[in-house]
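A.B. asks: I'd like to ask you about the structure that follows.
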Amino acid sequence: MVTTGNPSPSFDPARLLDDHRPQGPVETADHERARSLLDTPDPWNRSTFPLHFTASALVVHPPTRRVLLRWHVRQQAWLQIGGHGDPGETRPLDIALREGREETGLTDLTPWPDAALLHLAVVPVPASPAEPAHDHADLRFLLATATPDRARPENPASPLEWLTVEEAKRRTTEDNLRETLDRAARLLPPA
């Protein structure tokens, strides 16, 4: 059984950013850029360039200290789950939970150890035929599952893999995800 501290709040971005304390100069700069989005008409809109919000989560299974990574085809990298808000969605935790259910098939995902923002990272996104290169102000959470064996990829091109934190740090090519993994490791129960 996965236990959580305070699973119910679904904060808006302004509240999350007000409550979050950046760690280090990179996250401090990312935090300032993300705050600037709060003055735009729709900071979640995919056509808000050069920066818009996304929400993601690192899925964890606390009893085994394992984390779930997903192969991201467009980025060609092993990453956490997450993505853009659907039209009308503005609550980052709700977006991360929806994306988590869609991308993993796990129906028991819950904020862990609470609903606080774990990490804010502004990440570059390469250009595609549909949009120019731009950045995501990614609001990251931890979500736990009590049923890790039920994880199923949403499609064959996006496999999932349960890994230890150290294995995940070696698997990903993204330094910002390694930072997220380090923060998660500090919260997971001792081995």
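The values are calculated or read from the model by the stated rules, or taken from the named source; none is laboratory data. Treat the numbers as computed from the prediction; the structure is a model and nothing was measured. In this analysis, Cβ positions are derived from the backbone assuming ideal geometry, glycine residues included, and neighbour counts consider all displayed protein chains. Just so you know, the surface numbers come from the protein's heavy atoms only, side chains and all, with ligands and any DNA or RNA stripped out. Shrake-Rupley method; radii C 1.70, N 1.55, O 1.52, S 1.80 Å.
A.B. asks: In segment 127-183, what residues are more than 16 Å from the chain's Cα centre (by Cα) and aliphatic (A, V, I, L, M)?
C.D. replies: Ala127, Ala130, Ala133, Ala146, Ala151, Ala157, Leu163
A.B. asks: Here is a check on your reading of the model: is Thr180 in contact (Cβ under 8 Å) with a residue 60 or more places away in the chain, under 19 Å from His20 (Cα atoms) and crowded, with 17+ Cβ neighbours inside 10 Å?
C.D. replies: Yes; evaluated as a whole, the condition is true for this residue.
A.B. asks: Also, I was wondering about something else. Take Ser47 and decide whether it is farther than 30 Å from Leu163 by Cα, among the polar types (S, T, N, Q) and without any contact (Cβ under 8 Å) to a residue 24 or more places away in the chain.
C.D. replies: It is false that Ser47 is farther than 30 Å from Leu163 by Cα, among the polar types (S, T, N, Q) and without any contact (Cβ under 8 Å) to a residue 24 or more places away in the chain.
A.B. asks: Could I ask something else about it? Can you tell me which residue is nearest to Val125 (Cα to Cα) among those in segment 153-177 that are in a helix (DSSP H, G or I) and free of Cβ contacts under 8 Å to residues at least 12 places away in the same chain?
C.D. replies: Asp175
A.B. asks: Something else: Pro113: in contact (Cβ under 8 Å) with a residue 40 or more places away in the chain, out of contact with any Leu (no Cβ under 7 Å at 6 or more places or on another chain) and in a loop (DSSP other than H, G, I, E, B), yes or no?
C.D. replies: No, not satisfied.
A.B. asks: Out of the residues in segment 124-152 that are part of a loop (DSSP other than H, G, I, E, B) and open to solvent by 60 Å² or more (accessible area, probe 1.4 Å), which is farthest from Phe11 (Cα to Cα)? Spell out the reasoning first.
C.D. replies: Residues of segment 124-152 part of a loop (DSSP other than H, G, I, E, B): 126-133, 145-147, 151-152.
So of that shortlist, the ones also open to solvent by 60 Å² or more (accessible area, probe 1.4 Å) come out as 126-127, 129-130, 132-133, 152.
Values: Pro126: 29, Ala127: 30, Pro129: 34, Ala130: 31, Pro132: 30, Ala133: 28, Arg152: 28 Å.
Among them, the one singled out is Pro129.
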